[in-house]
1. Which ones in the range 40-65 are of a type in the set (S, T, N, Q), modelled with pLDDT of 75 or more and outside any loop (DSSP other than H, G, I, E, B)?
2. In the range 66-90, which residues are under 14 Å from E9 (Cβ atoms), assigned to a loop (DSSP other than H, G, I, E, B) and either aromatic (F, W, Y) or without any contact (Cβ under 8 Å) to a residue 24 or more places away in the chain (or both)?
3. Taking the residues in the range 1-39 that are over 22 Å from V83 (Cβ atoms), of a type outside the set (S, T, Y) and surrounded by 14 or more Cβ atoms within 10 Å (Cβ to Cβ) as candidates, determine which candidate is modelled with the lowest pLDDT.
Amino acid sequence: MRKGHPYAEDIYEGKVVQAGDVIGYLGMTGYSSKEDVNNINIPHLHFGLQLIFDEVQKEGPNQIWIDVYHLIDLLKRHRSSVVMNNTKTKDYVRKDTMFDPIVPD
């Protein structure tokens, strides 16, 4: 995540978000506390998806990791446009309101 200001301004744990909402920003920190080290010169994000049915499985030998390639491909094809709304913090917001047929107006 971006160093210093990794998350969207109004994001917090437990907040309900909609598809297309900006929740955080890509960075170049990797496993370092400083920006632009470890020959990382392109903003990127590493993440994974693990199924945990019981907390004891979390670090055990039978971890279940999900291949997220198809999920990323789907999200890439249906991503929303964003615009910068704060030049000081370089915060972005979703450009268009998304319609969710499940959530009533």
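The values are calculated or read from the model by the stated rules, or taken from the named source; none is laboratory data. Keep in mind it's a predicted model, so treat the numbers as computed, not measured. Neighbour counts are summed over all protein chains in view; Cβ atoms, including those assigned to glycine, are modelled from backbone coordinates with ideal geometry.
1. Q50
2. The first filter runs over the range 66-90 and keeps only residues under 14 Å from E9 (Cβ atoms), leaving 82, 84-90.
After this cut, where a residue has to be assigned to a loop (DSSP other than H, G, I, E, B) as well, the list is 87-90.
Listed by number, the residues that qualify are T87, K88.
3. So, considering only residues that are over 22 Å from V83 (Cβ atoms), of a type outside the set (S, T, Y) and surrounded by 14 or more Cβ atoms within 10 Å (Cβ to Cβ), the one modelled with the lowest pLDDT is G30.
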